[in-house]
Amino acid sequence: MTEIAAVGAAALFVPFPFAVDDHQTTNASFLVDQGGGWLIQQSELSPERLARMLQETARPELLRRAEKAWDLRKTDATRDVVAACEELAK
């Protein structure tokens with residue numbers, strides 16, 4: 001999810017249904033709930049549904065979602081992790 005935001009791409013997330021505590025849905029929802037992508041449960045996905053989504057999603061919608069993902073990126077994540085590690089090392 002962070003990689004998607006870092007490059008400013010719209011994404012379709014299909015969480016692995018057997019992931020521990022359904023963490024993939026939780027993680028993807030951060031971006032999806034704010035308009036940066038789509039989420040479809042694996043049980044609801046079919047080749048026909050995917051083809052329909054790809055055919056019906058217009059370029060402006062892809063760009064809007066990509067821009068939203070870009071806006072949600074964490075530009076200071078590395079600095080924050082380093083600061084947390086330094087604090088723990090004290």
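Output the number of the condition that residue 33 fails; it satisfies all remaining conditions of (1) more than 10 Å from the chain's Cα centre (by Cα); (2) exposed (fewer than 15 other Cβ atoms within 10 Å of the Cβ).
Going through (1) more than 10 Å from the chain's Cα centre (by Cα); (2) exposed (fewer than 15 other Cβ atoms within 10 Å of the Cβ) one by one, residue 33 breaks only (1).
If the Cβ limit is 7 Å and pairs must be 6+ apart or interchain, which residue in the stretch 10-32 that is closer than 16 Å to residue 43 by Cα and at pLDDT 95 or above pairs with which residue that is assigned to a helix (DSSP H, G or I) and small (Gly, Ala, Ser)?
Final answer for the pair search is 13/28; 15/28.
Determine whether the stretch 40-55 contains at least one residue that is modelled with pLDDT of 95 or more, surrounded by 10 or more Cβ atoms within 10 Å (Cβ to Cβ) and in contact with a Phe, Trp or Tyr (Cβ under 8 Å, 6 or more places away or on another chain).
yes
Filter the stretch 58-76 for residues that are surrounded by 12 or more Cβ atoms within 10 Å (Cβ to Cβ) and in contact (Cβ under 8 Å) with a residue 60 or more places away in the chain; which is nearest to residue 35 (Cα to Cα)?
Applying the filter and picking the extreme gives 69.
The values are calculated or read from the model by the stated rules, or taken from the named source; none is laboratory data. Small disclaimer: the values here were computed from a predicted structure and weren't measured. Please note: Cβ atoms are built from the backbone with ideal geometry, for glycine as well, and neighbour counts cover all protein chains shown.
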